[in-house]
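The values are calculated or read from the model by the stated rules, or taken from the named source; none is laboratory data. Since the model is a prediction, treat every value here as computed from it, not as a measurement. Neighbour counts are summed over all protein chains in view; Cβ atoms, including those assigned to glycine, are modelled from backbone coordinates with ideal geometry.
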C-alpha cells in the first residue's frame with residue numbers, strides 16, 4: 001500500500017487530479033480529502049474582518065492520522081463529509097484500504113504525524129493570480145468578496161503556513177497545465193518505484 005500526498009495552494013488542481021485518478025483507476029486508488037477533516041467554523045480564528053478558513057489549526061489532523069494508520073493496517077474506515085453549517089447534511093462513507101491512498105489538501109504536509117505517513121509527496125504549483133482566477137469561478141456560499149478574501153487571507157496564510165510544503169515534496173508539478181496531462185504524468189510517477 002502506497003500513501004500519496006497531493007499538496008499545494010487552493011485552486012492548484014489537487015482535488016481535480018485525485019478525482020481523475022480515482023475515477024479512471026477506481027480499483028487502485030482511494031481518495032481522501034483534507035477538507036473532510038475541518039473543525040466546525042465556529043472554532044476558526046479571525047483574520048481582519050474575515051473568518052480564517054486557511055489556518056492549519058482548523059483541521060482535525062489527529063483524526064486523519066488515525067484513519068491513515070487504520071488503512072495501513074488493512075482496515076476499512078468510516079468517515080464523513082464536512083458540513084460547513086446546519087443547512088448541509090454530512091454523509092458517512094467508508095474509506096477502503098486500496099493499493100494507493102491519495103490524500104489531497106492545501107496543508108496536508110504541515111502536520112508532522114500525517115506527513116510521516118506518505119511514501120510519495122507531490123506539490124501542485126500555481127501563481128497567486130491563477131489561484132484567484134480559479135477560485136473566482138467556484139460558487140461562493142458565504143456571501144463574501146472572494147478576491148478580497150484571497151488577497152487578505154488565503155494568499156498570506158498559504159505563504160505563512162503552506163509554502164514550506166514545497167520543500168518537502170518529492171515532485172513539484174506545474175498546475176497551470178492541462179489536468180489530464182498532469183494526471184497521466186503523476187500516475188506514471190506514482191507507479192514508478194521510488
ask   = Which one of 124, 131, 117 is within 16 Å of residue 15 (Cβ to Cβ) and not in a helix (DSSP H, G or I)?
value = 124
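Test residue 51 against the criterion of being closer than 18 Å to residue 156 by Cβ and touching a helix residue (DSSP H, G or I) at 6+ places or on another chain (Cβ under 7 Å), and give yes or no. Give the derivation first.
Details: closer than 18 Å to residue 156 by Cβ: yes; touching a helix residue (DSSP H, G or I) at 6+ places or on another chain (Cβ under 7 Å): yes.
Here the answer is yes, as residue 51 does meet what is asked.
Determine if the stretch 100-109 includes at least one residue that is surrounded by fewer than 18 Cβ atoms within 10 Å (Cβ to Cβ) and either within 22 Å of residue 65 (Cβ to Cβ) or in contact (Cβ under 8 Å) with a residue 60 or more places away in the chain (or both). Working first, answer last.
Filtering the stretch 100-109 down to residues surrounded by fewer than 18 Cβ atoms within 10 Å (Cβ to Cβ) leaves none.
Checked against the condition, which is being surrounded by fewer than 18 Cβ atoms within 10 Å (Cβ to Cβ) and either within 22 Å of residue 65 (Cβ to Cβ) or in contact (Cβ under 8 Å) with a residue 60 or more places away in the chain (or both), the stretch 100-109 yields no hits at all.
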message = Return the residues of the stretch 168-194 that are assigned to a loop (DSSP other than H, G, I, E, B) and in contact with a strand residue (DSSP E or B) (Cβ under 6 Å, 6 or more places away or on another chain); say none if nothing qualifies.
response = 169, 170, 175
query = Which ones in the stretch 150-171 are in contact with a helix residue (DSSP H, G or I) (Cβ under 9 Å, 6 or more places away or on another chain) and surrounded by fewer than 13 Cβ atoms within 10 Å (Cβ to Cβ)?
reply = 159
query = Checking residue 176 against (1) surrounded by 16 or more Cβ atoms within 10 Å (Cβ to Cβ); (2) over 28 Å from residue 1 (Cβ atoms); (3) touching a helix residue (DSSP H, G or I) at 6+ places or on another chain (Cβ under 7 Å), which single condition isn't satisfied?
reply = (1)
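For every residue, the table says whether it meets (1) touching a residue at least 60 places away in the same chain (Cβ under 8 Å); (2) over 18 Å from the mean Cα position of the chain (by Cα); (3) more than 28 Å from residue 29 (Cα to Cα).
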residue	(1), (2), (3)
157	yes, no, yes
164	no, no, no
178	no, yes, no
186	yes, no, no
189	yes, yes, no
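Name the residue, out of 65, 123, that is under 27 Å from residue 179 (Cα atoms), in contact with a helix residue (DSSP H, G or I) (Cβ under 6 Å, 6 or more places away or on another chain) and modelled with pLDDT of 95 or more. Talk me through it step by step, then tell me what you get.
Working: 65 fails: under 27 Å from residue 179 (Cα atoms).
Only one candidate qualifies: 123.
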query = Quick one: residue 144 ticks every box in (1) more than 17 Å from residue 68 (Cα to Cα); (2) in a loop (DSSP other than H, G, I, E, B); (3) under 17 Å from the mean Cα position of the chain (by Cα) bar one, so which box is it?
reply = (3)
query = Within the stretch 68-84, can you find the residues that are touching a helix residue (DSSP H, G or I) at 6+ places or on another chain (Cβ under 7 Å) and farther than 15 Å from residue 31 by Cβ?
reply = 84
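Inspect all residues belonging to the stretch 121-132 and state whether any of them is under 21 Å from residue 153 (Cα atoms) and more than 18 Å from the chain's Cα centre (by Cα). If you could, list the steps in order and put the result at the bottom.
At the first step, the residues of the stretch 121-132 found to be under 21 Å from residue 153 (Cα atoms) are 123-132.
Filter again for more than 18 Å from the chain's Cα centre (by Cα), leaving 129.
Yes, there is a match, as at least one residue in the stretch 121-132 is under 21 Å from residue 153 (Cα atoms) and more than 18 Å from the chain's Cα centre (by Cα).
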ask   = So which residues in the stretch 72-99 are at pLDDT below 95 and buried (at least 19 other Cβ atoms within 10 Å of the Cβ)?
value = none
